[in-house]
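The values are calculated or read from the model by the stated rules, or taken from the named source; none is laboratory data. Everything numeric here is computed off the predicted structure, so don't read it as measured data. Ideal geometry is used to build each Cβ from the backbone, glycine not excepted, and the neighbour counts take in all protein chains shown. The area values use the complete protein model at the heavy-atom level, side chains included, leaving out ligands, DNA and RNA. Shrake-Rupley method; radii C 1.70, N 1.55, O 1.52, S 1.80 Å.
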Amino acid sequence: MASKPAAFAAVTPAIVEELRGIAGASNVIVDAERLEAYSHDETSAEEYGRMPEAVVLATDTEIVAAIVRLANRERVPVTPRGAGSGLSGGAIPLYGGIVLSLEKMNRLLELDVGNMVAVVEAGMVTNDLAELVQGKGLFFAGYPMSLQTCMIGGNIAENAGGGKAVKYGVTGRYVQGLTLVTPKGDVVRLGGKLSKDVSGYDLKRLVIGSEGTLGVVTEAIIGLVGYPTAKSDLLVLWKTPREAIDAVPAIMAKGLAPTSLEFMDRLSIRASCGYLNESLPYDEAGAMLLVEVDGSDPAKVEADLIAIGELCEERGALEVYVAEDRNNIERIWNVRRNIAEAFKVQSPVQSLEDIVVPMASIPEIIPVLERLSAAYGMTIPCYGHAGDGNLHATLVKDPGMDMATWRRNEDLCLRELYAAVRDLGGKISGEHGIGIKRKAHLARLVDPVELELMRSIKLAWDPNGIMNPGKIFDPDGAPVPDGAPGMAP
Ligand SMILES: Cc1cc2nc3c(=O)[nH]c(=O)nc-3n(C[C@H](O)[C@H](O)[C@H](O)COP(=O)(O)OP(=O)(O)OC[C@H]3O[C@@H](n4cnc5c(N)ncnc54)[C@H](O)[C@@H]3O)c2cc1C
């Protein structure tokens, strides 16, 4: 466990007894074997993992509130947790304390078709919501690629994006209301079944993307749209990643509004195909674009897809395949969805990045990655939501490189990459968040005034600093200067 700041207390046997009294003995975990599952997320457990002292499986909002009140009284850290699929260490209990898991709060509370909203508990698995509403001809559009495992509360806390964000936007666009347990243990309902609300500060928006540092989301009112009945996909093969990425702003500038515009370089495709035992026609290709268009008018969907295909051919695409049946479309998307998992298995020592730049600047990123790859002797495969300007470049350790060199090169490489991204008007995370993984870099790169405002907000909401401490920024730490040692956490 990272050394606990003096302000935090340990979870004593008396506190465990009190937790059992609140949540029920079977919902309180203290044995090390079962605690282990809550000590990491999808970042490297070896590098970032920390053991909690207790895990509580909450079953309703009042129980969450009572636990948070107890933790606030005793100064014990609380880390909210969904499925633990996060990629920045957000759900890791950096200073031990209590992990508050929402996994048992997984009910659909109401499907209000008249208002086009679903009211759900925060522990509902995202895909369960998607499937439940689809049965009523409705669509939850703001979901990430990890929808089979992640939970709505985690999506809200990270303001998750995904493969359809080009057209539909990210999770936050669909969050109309929230039930939040504040770090003092009060319950507050923000927003409602409303599509407009300027009644004071928009606290709901502040909670969205705050990575569990401002409270525990227990319920959410999720806006829905009509399920798109027509859908068609293109797989476009390019000789080089650069040609593929250069086509992205050209497609967007045509106003053709694809639903998805995903980029995969050759290494990413190969890794995922190998992992899935799948084969795609990529032998000649250095990169692919996966383009989806959807809507309610099949003729319009078809026309837009043909226009995008023609544009790609004019720009020198090697091949343009139309994925005609649902099976083929699902096979291709499965390859795209499994890239991160495939790299984890193939190259466990890596740094999965999440940079985002203004869409028109995305062609400038590939040459930066090529330069950094040569300079630091590492492979940097890349894939991601190119239509959003959001790329998952992944720094991969060469098997021949020793760990000390890897750590130094990783840090130097990230510094250069993030500086290039900043100079293009971009940010270091588009959807995975800061968590522990990018905290030191954020402190170095963010405007000090912005950082100070964030710290003031945290202090006002959470004066004892118990809610997910050590994430995004340190409440009273000074910005980390350039050249400071130990930038890589
Ligand atoms: C294969 C793979 C693909 C992925 N694809 C995408 C993608 O396309 N887009 C994307 O955005 N992300 C993606 N992710 C990352 C991850 O799935 C998302 O960040 C997801 O939203 C996390 O949800 P979770 O329930 O797993 O949250 P967790 O990992 O459990 O927690 C994430 C953060 O949210 C906080 N939190 C969780 N629940 C609550 C709550 N109820 N109240 C307050 N705070 C809470 C935690 O404290 C933590 O800071 C992917 C991950 C994997 C492994």
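Quick notes
- Sum of side-chain charges, Leu276 neighbourhood, beta-carbon under 15 Å (Lys, Arg +1; Asp, Glu -1): +2
- Per residue, the solvent-accessible area of region 195-305 (1.4 Å probe, heavy atoms of protein chains only, all protein chains present) comes to 41 Å².
- Residues of type aspartates and glutamates that Lys164 reaches as a straight line, Cα spacing below 15 Å, ignoring anything fewer than 8 places off in the same chain: Asp233, Glu262, Glu292, Asp294, Glu330, Asp388, Glu431
- Summarising the label geometry, the points placed 7 Å from Cα in the beta-carbon direction at Ala9 and Leu109 lie 3.1 nm from one another.
- Set of lysines with alpha-carbon distance to Lys397 below 27 Å, sequence-local pairs under 8 removed: Lys239, Lys344, Lys427, Lys437, Lys439, Lys471
- Per-residue [θ]222 nm for the chain (sum of -39500 (n - 2.57) over DSSP H runs n ≥ 4, rounded to 500): -10500 deg cm²/dmol
- Cα pair distances exceeding 16 angstrom across region 13-101, given as percent: 48
- Under 22 Å from the Cα of Lys196 - lysines, other chains or at least 8 residues apart: Lys167, Lys204
- Rounded Å value of the spacing that divides the Cα centres of region 284-318 and region 430-448: 35
- Gained length - Asp202 relative to Ser279, 0.36 nm times residue gap less alpha-carbon distance: 23.0 nm
- Other residues with beta-carbon under 11 Å from the beta-carbon of Ala157 carry, at +1 per Lys or Arg and -1 per Asp or Glu, a net charge of 0.
- Across region 387-401, computed HN-Hα scalar couplings (Karplus, 6.51 cos²θ - 1.76 cosθ + 1.60, θ = phi - 60°) run x, 9, x, 10, 10, 9, 5, 10, 6, 10, 6, 5, x, x, 8 Hz from first to last residue, x flagging Gly and Pro.
- Hull shadow area, averaged, the chain [alpha-carbon convex hull, nm²]: 22.7
- Cα-only Debye scattering, region 229-379: base-10 log of I(q)/I(0) at q = 0.13, 0.14 Å⁻¹: -0.61, -0.71
- According to the calculation over all Cα-Cα pairs in region 108-226, the P(r) per 5 Å bin from zero is 2, 13, 24, 27, 21, 10, 3, 1, 0 %.
- Packing-based ranking, highest mean first, of 216-229, 365-378 given that Cβ atoms within 10 Å are counted: 216-229, 365-378
- Probe 1.4 Å - accessible area at Lys239, Å² to nearest ten: 130
- Mean Cβ count within 10 Å, highest first, over the residues of peptides 309-318, 449-458: 309-318, 449-458
- Helix 241-253 and the longest principal axis of the Cα set of the chain meet at an angle near 80°.
- Cut-off 15 Å between beta-carbons: net charge of the residues surrounding Val30, Lys and Arg +1, Asp and Glu -1: -4
- Phi angles across region 47-58 convert, under the Karplus curve 6.51 cos²θ - 1.76 cosθ + 1.60 with θ = phi - 60°, into 3J(HN,Hα) values of 7, 10, x, 9, 7, x, 8, 8, 10, 10, 9, 6 Hz, Gly and Pro given as x.
- For region 358-434, the Kirkwood hydrodynamic radius from C-alpha pairs, put into Stokes-Einstein at 37 °C and a viscosity of 0.692 mPa s, yields a diffusion coefficient of 253 µm² per second.
- Peptides 9-19, 136-146, ordered by how many other C-beta atoms sit within 10 Å of their residues on average, highest first, read 136-146, 9-19.
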